[in-house]
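Here is the structure we will look at, set down as C-alpha cells.
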Amino acid sequence: MRRSRKGLAACVLAANMPDIDVFFGWSPWAPLAMHRGFTHGLVGGVLLMPPLLAALLWLFDRWQAKRGKVFARGPRMHFGWLVTLCYLGALTHPLLDLQNVYAVQLFSPMSGAWFHTDGLFIIDPWVWIVLGLGIWRRRRSGSAVPAIAALLVVLAYIAANIGIARLAYEAPGVRADRIFAGPEPLAFWRREVIWREGGMIGKGRYDLLRKADALISREPLRPDNMADPLVRRAAAANLEVARFLAWSNLPMAGIERRGCTARVTFRDARFEGPRFENSFSASAEVPTDGPGCAGR
C-alpha cells in the first residue's frame, strides 16, 4: 500500500485476523472460545484488535531496521495510516460474515445474540467474478475506475440479496422465533428457508422468479425436541454440548434409547443432511427412567 510501509500486510492480516478464534476453542472465557464471537464483534474484532496488530507490525518494522534492513523503495512507515489500514481490513471480515447464515455475535461479550442478513452464500462466486474482472480491467487500463465500479456493483448485489432474503422471510407466512434464508451458490434468487415456530422446525424453498410472495415447496413441520426432559438433561451433561448449544441458532435433538440410557444428539437445523453427518453436532448419554432403571 502506498500510505505506509507494511500497509499491504496490515490489510491482509487485519482482514483475516478475526478467525484467530479457531485457535482458542480451549479458552475458559466463552466469548473468545466461540467461533464468530468476540473476535468477530464490534468490540473485539473492530475496536480492540486493529491497533494491536498495527503495534505489532510497527514493532516488527523497528526490529528489521535495527538489524540493518534497508527499505530502498516504497513509502516510509506511518503509524497513523497503519492503524487506519488495520481498521479497514478488520471491518471487512465481520461485515462479510454477517451476510451469510453462519451469523456473527456482533455485540460480544455484552450480548450473545446472533446477527445475519442472509445476503451471500458462504463463498459467493458472483462476488469473486465481479471483483476479479474489476482488478483485471484496472491492471489493463491503469485506471482505478474499473475496480471502483466493480466494488459498487458488489455492494449493490449484496443490498439486492438482502432484499430477497427479507421477501423469503415473509414467504412461509408464519410467526417464526428464528428464520434463515440461505441463497444457493449461483442461483442467488433461490433460497432454502428454515425457521422455528413454537418448538417446531420448518423448511421450504423460495424462488423469487417463480413466486415472489410464497414458498414454492415446503416440508412437513418437525418437533425440535428441545423441551423433552431427556434432552434438557443432556443439554447440561458436558461442556461440548453446552458450547454447541451456545453456538446453535436452530438447535434440534434426536433421541436414541438403549436400555436404561439414551443418547441425545444435538444438531442445528441449518446444517443437516449427508454433507454434515460428521460435523455441526454434539452428543451426550443420559440415564432414563423406566422399569428396572434408576434414572435421575
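Coordinate-derived values only; no laboratory data. Just so it is clear, the structure is predicted and the values come from calculations on it, not from any experiment. Note that each Cβ is placed from the backbone with ideal geometry, even for glycine, and that neighbours are counted across all protein chains shown.
Things to note:
- Relative contact order (%) - the stretch 151-260, alpha-carbon pairs under 8 angstrom, separation at least six: 18 percent
- Debye-sum result for the stretch 144-210 in log10 I(q)/I(0), which assumes one identical scatterer on each alpha carbon, at q = 0.14, 0.22, 0.28 Å⁻¹: -0.48, -0.87, -1.16
- Taking the helices alone, the chain has a mean residue ellipticity at 222 nm of -12000 deg cm²/dmol, built from -39,500 (n - 2.57) per DSSP H run of at least 4 residues and averaged over all its residues.
- Remark: Asp289, Asp118 ranked as Asp289, Asp118, counting other beta-carbon atoms within 10 Å and listing the fewest first.
- Using all pairs of distinct alpha-carbon atoms, the Kirkwood hydrodynamic radius of the stretch 225-287 works out to 11.7 angstrom.
- Proxy reagent accessibility, fewest Cβ within 10 Å first, across Phe280, Phe38: Phe280, Phe38
- Listed values for the stretch 42-58 are Karplus-derived 3J(HN,Hα) couplings in whole Hz (6.51 cos²θ - 1.76 cosθ + 1.60, θ = phi - 60°), namely 5, 7, x, x, 9, 8, 8, 6, x, x, 5, 5, 4, 5, 5, 5, 5, and x replaces Gly and Pro.
- Of Leu95, Leu131, Leu250, the residue with the greatest mean-square motion in the GNM of the chain, using alpha carbon springs below 10 Å, is Leu131.
- The chain: angle of helix 145-170 to the longest principal axis, Cα-based, in degrees nearest 10: 20 degrees
- Overall form of the stretch 185-296 per C-alpha gyration tensor (a/c, 1.5; a/b vs b/c): prolate
- Between 0 and 90°, nearest 10: helix 125-141 axis offset from the chain longest Cα axis: 10 degrees
- For the pair Phe280 and Ala160 in one chain, pulling the backbone fully straight at 0.36 nm per residue adds 40.2 nm over the alpha carbon distance.
- Relative exposure of Phe60, Phe180, Phe23, Phe121, judged by other C-beta atoms within 10 Å (fewest first): Phe23, Phe60, Phe121, Phe180
- Residue among Glu285, Glu277, Glu192 with the largest mean-square fluctuation in a Gaussian network model of the chain, springs linking Cα atoms under 10 Å: Glu277
- Relative contact order [Cα under 8 Å, 6+ residues apart], the stretch 7-116, whole percent: 38 percent
- Positive minus negative residues near Phe180 (Lys, Arg vs Asp, Glu; Cβ under 12 Å): +1
- Top of Gly41, Gly202, Gly259 by mean-square fluctuation, Gaussian network on the chain, Cα under 10 Å: Gly259
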